[in-house]
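Worksheet: the structure to be examined is printed underneath.
The values are calculated or read from the model by the stated rules, or taken from the named source; none is laboratory data. Quantities reported herein were computed from a predicted structural model and do not represent experimental measurements. Neighbour counts run over all protein chains shown; Cβ positions are idealised from the backbone, glycine included.
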């Protein structure tokens, strides 16, 4: 009998849907990673070696020891001496009573051992996994003890609960295995999904234990008490909860009489207390793992060499382009969450380490590659973004897994390693450009940066392939989907492919899927070249492939024909027979060789008898399988055949995208760009504003709104006279206040007329900064001029620039989203990029002028420049202050103060007079930028090592001649002061920053929810303008291209 190999995609579609898309099959969770992930040479230890830097929390080693004991006790109580055969160390580590075996529990115990073997390989989420594993062990001991006390004969009664328990343990095993054996980058990116998986496991365990009754749950608690003596505070917390429960109405059964719980409580009260206790346990473990992850990220960011970051990411050299693409997408998601870095709400609630790590990882990989990374297509889906589930389809050309991508269930087809790179890229590019309601949507595909295998991603079709649907599901929908409609939809899809000059080459029922709306979609098209090459390498021809003979045209079977549109038409005729025969293949009882001979002799399969005569359909099928290719119709004419005239389905001849076909890789939905025209500045008394500074001889402490802490810039007024005011988040210090300890910041005056910049640090950790490219050492320096920054200086430069840019929040125009750590003159219309780590803007040219082959902005429509001057102090007041400064004996004439909070990072910008310049119309610059970005990249990309996302078009600037900028990395509760100098001589600094270690009485002290980054001396940096140096740009509004986006955005 002939074999019919089904399309892998079709097999995927036929698989049953899971109850939860985040949970994968235990049989494939680890093995499926082997095609992608290399075996890591180094694994994270569970405790640090002596004299080594402490990188592993001690609680992890302690938790491992507790869990080992619990697992050993549970496994030995069930398996007895059998444990010694596989886990001798566990067997000899505990001394427990060996009991008679219980049917079903032995399998549960072996699953527990598998969980333990996987847990010890974990590198992240360790405390949550240990807590989950220990809970499994305690449950198993409690169940075994319950059976022992009640008599082993009750084990038969408990078979259903034991079966449910075994299923829950299998789910835990799958979840744990899913979190090991993967590189850190993938584990980091899917950490939220991992949290959900663990929560599902805990819920499933609770459901299983609930089938045993209350005594099992109390006994489980007893196991926790006995194995957790080092955490007496948790036990005391539980007892306190139990004492506060409802009035007593419950007497524990005899098996739990020895449990040291106080009072007689109702069963509902005990259950609620145990649930609350377990919830707090899980929260502690989750917080511990989150802090452990932050420490790993911080260590990578503080490292003085890129090799450390690469080691943390655990990505190979050929995986760098995929890793950069993945990190860019996740960074864009972070920007969306926090409005492109302008974080809503108090800065005290923001932990920037994740965004810093994403940026640091991107910059590191680009440096290590010499910024020569391949630019990946926007449809690229990396292996870090998909999760493989069960293997559900095996074919000669590919294997198909059911998996998840961005929370959706998808089909992931992994191609044969023999697939040629160039043909794969070409065919994938073709599919990505298609959009039709009867064509399988393209979600994405892997890049070809590394070695094969490569993969394709498409939606998961829950109703399966056409034959499966016809055999199993069609009756369920009462045959509402008629045979003629199916034939018409397939012809419609094939007509679209042929209009696009794409040949299918393998059209058959198993390559047609049924979507959720019961419409036919064609799959596996356009891959004929890839398949031909794979079979050429294997020594097979297309005509020799099993399972395709029945659909192949006579000219192919004869060996002297080529793939043409007429070949697809012949296959369509045979497919129509599949539909009419309810999914049966033609000539089901004949061998392939016999079928080939019959077709070459111009014989065809019998057309199944129809319920009513349809001569037009019979005529159509016979014309489609004509022996002479020239006698066969086109799909366009098939759609006009009389057989389809009365189906009631409109023929869609043009491209007709369905909602599913909207490309999900264009995933970022940025809000509309802000109107660039000036907006009214915050009115007097606005709670969003901060105070205009007042002379040191005036003023008293003003109240500060705690909600404004960390929001720090100077909104300026354009009115003539500024009234002294004190509004959140900064505040003024009265000269009558008690003396405070001041840590004066070491000051190195900047000179913005050159390319250099300066930093000001506390004496405990000083550093210098140079406006240089992001290099890693001073190799090659010839001793002339300023030496390149050292590695430690580069670390400081990157940290200062990145945190100032991420943390700064201001009340100027909302389009000004890019702060410059190194202010310099930048014109509206400038095209360039943000130079890191200096934080300056590098300009290529101005778009208002024609350059090379690019016309100016004026060639794309109307655009004009506007400006708005803003000043908090009138010209008269400034002139008076200048005169006073000449005769003043005080070093400063004004002071502004800003809060510093323990454990928080802060960024501040202070200025008193600005000019906002802008383009009044964004449609023109957007059209210009979209039309010319590829040319810009071609002209400058190689020289400056840029990608599309790096190119910026400046559409607005905020300029100021006098300014001070400040970033604090950590500091005790206190204040930062900016003193405006009385010295108005040209070239002298406009002011200086200093810090104090006390907060005003009206500011409530308190740290963040996470552990502060450092407990050492305070660390900050600042820059201050020089008098007479002219205006510099502090903030930019810009157009940019977000990852995978075709249109520029100002967000």
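Here are the numbers for the structure shown:
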read-out	value
Some residue of segment 499-510 being at negative phi, surrounded by fewer than 24 Cβ atoms within 10 Å (Cβ to Cβ) and either in a helix (DSSP H, G or I) or modelled with pLDDT under 85 (or both)	yes
Segment 411-430, residues that are crowded, with 21+ Cβ neighbours inside 10 Å and within 27 Å of residue 491 (Cβ to Cβ)	411, 413, 427, 428
Criterion violated by residue 90 - all others in (1) at pLDDT below 90; (2) buried (at least 19 other Cβ atoms within 10 Å of the Cβ); (3) assigned to a loop (DSSP other than H, G, I, E, B) satisfied	(3)
For residue 320: the one exception among (1) at pLDDT 90 or above; (2) surrounded by fewer than 16 Cβ atoms within 10 Å (Cβ to Cβ)	(2)
Residue in segment 999-1014 that is assigned to a strand (DSSP E or B) and at pLDDT below 95 present	no
Per-region count, segment 365-408, residues within 16 Å of residue 444 (Cα to Cα), in contact with a strand residue (DSSP E or B) (Cβ under 7 Å, 6 or more places away or on another chain) and not in a loop (DSSP other than H, G, I, E, B)	10
Selected residue (only one of 177, 164 is at pLDDT 90 or above and over 30 Å from residue 324 (Cα atoms))	164
Residue in segment 122-137 that is modelled with pLDDT of 75 or more, more than 27 Å from residue 194 (Cα to Cα), crowded, with 16+ Cβ neighbours inside 10 Å and more than 31 Å from the chain's Cα centre (by Cα) present	no
Filter result (under 18 Å from residue 174 (Cβ atoms) and either not in a helix (DSSP H, G or I) or not assigned by TED's automatic domain parsing to the domain that holds residue 185 (or both)) within segment 100-122	120, 121, 122
Residue that is farthest from residue 300 (Cα to Cα) [pool: residues in segment 786-811 that are at pLDDT below 90 and not in a helix (DSSP H, G or I)]	811
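Table: residues versus (1) outside the structural domain of residue 977 (by TED's automatic domain parsing); (2) surrounded by 23 or more Cβ atoms within 10 Å (Cβ to Cβ); (3) within 24 Å of residue 959 (Cα to Cα); (4) modelled with pLDDT of 90 or more.
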site	(1), (2), (3), (4)
1016	no, no, no, no
1021	no, yes, yes, yes
1025	no, yes, yes, yes
1031	no, no, yes, yes
1034	no, yes, yes, yes
1046	yes, no, no, no
1051	yes, no, yes, no
